[in-house]
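Below: the structure, in structure tokens.
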Amino acid sequence: MAERLLDDQIVEQVRDVFSSMKEDVVLVHFTTKRSDCMYCDETKQLLGEIAPLADKLRLEVYDIEDDAAKAQEFGVDKTPATIVAAYNNGEIKNYGIRYFGIPSGHEFSSLIQDILTVSERDSGLKPETREFLKSLTEPVHYQVFVTPTCPYCPRAVVLTHRMALESDMVTADMIEAMEFNELSNEYGVSGVPHTDINHHKGTVVGAVPEEHFVEETRRALGM
């Protein structure tokens, strides 16, 4: 049996935080049996340790090859991948809140925060940001490149994930830069957090205020 990833103290802290969950949340996880997936086993184990800590949290695990249709449904093309979604009477509502790579180190806090935000069914964004997101006429895809040791990365990840919760036009990915090295090189990632907007249309480097992020998105979309 693999050694536990979460110690007793963290387990109790997470359980306590999860006690305030309002609505049901599902973690939809995609893994692979391929040996070249750096942290697939650990990510699956981590989620398996988190899921039992709340009655309102469930975990569904799929194989990206064996369950190719399901992977396509969620737009998953690499592993490990985790989607934080709402669960309503057996129906999954996918907001486009996605993690590619293990949510470890500082990104563990992003995952916990996302679970709480999705359980609230409220993004908590400023009114101006909500208005901007309502005005979107084309899809927005954020890719936030991070490393587990980056203390500023969760701010960028959580902000883009809140924007995805607020708008069906937005998909937001956390991408662990070292696990997806080729992708990091493709997007010219030299420091984190590095957020790509719509595949090279715009870039935000660093954790910036909400309004600055909206402004950069406007610029990327030519609005």
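Taken together, the values in this text are just the output of simple stated rules run on the coordinates, not laboratory data. From a predicted model like this one, the values you see are computed outputs, not experimental measurements. Ideal geometry is used to build each Cβ from the backbone, glycine not excepted, and the neighbour counts take in all protein chains shown.
Summary of computed values
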{"read-out": "Estimated FRET transfer efficiency (Asp41, Thr149; beta-carbon r; R0 25 Å; 0.05)", "value": "0.75"}
{"read-out": "Contact order relative to length of the chain, as percent, for alpha carbon pairs under 8 angstrom and 6 or more apart", "value": "18"}
{"read-out": "Residue order, fewest to most beta carbons within 10 Å, for Met223, Met38, Met163", "value": "Met223, Met38, Met163"}
{"read-out": "Lys, Arg +1 and Asp, Glu -1 on Cβ, resulting dipole of the chain about Cα centre, debye, nearest 20", "value": "460"}
{"read-out": "Nearest 10 degrees, 0 to 90: helix 8-18 Cα axis against the chain principal axis", "value": "50"}
{"read-out": "Rounded to 10°, Cα long-axis angle of helix 210-221 versus longest principal axis of the chain", "value": "70"}
{"read-out": "0 to 90° range, to nearest 10: angle between helix 40-50 axis and the chain longest Cα axis", "value": "80"}
{"read-out": "Nonlocal amide H pairs with Thr203, under 5 Å, H built at 1.01 Å", "value": "Ile197"}
{"read-out": "Cα centre as origin, Lys/Arg/Asp/Glu Cβ charges: the stretch 35-130 dipole, Debye", "value": "480"}
{"read-out": "For Arg130, Arg98, order by how many other beta-carbon atoms lie within 10 Å, fewest first", "value": "Arg130, Arg98"}
{"read-out": "Gain on full stretching of the segment that runs from Met178 to Gln72 - 0.36 nm per residue minus C-alpha separation", "value": "35.7 nm"}
{"read-out": "Farthest toward positive dipole pole in the chain [+1 Lys/Arg, -1 Asp/Glu at C-beta], among Ile102, Val140, Pro80", "value": "Val140"}
{"read-out": "Order of Phe30, Phe132 under a 10 Å beta carbon neighbour criterion, fewest first", "value": "Phe132, Phe30"}
{"read-out": "Long-range amide H partners of Phe145 with built H, under 5 Å", "value": "Ile175, His194, Thr195, Asp196"}
{"read-out": "Positive-pole candidate from Val170, Leu59, Tyr39, dipole of the chain, charges at beta carbon", "value": "Val170"}
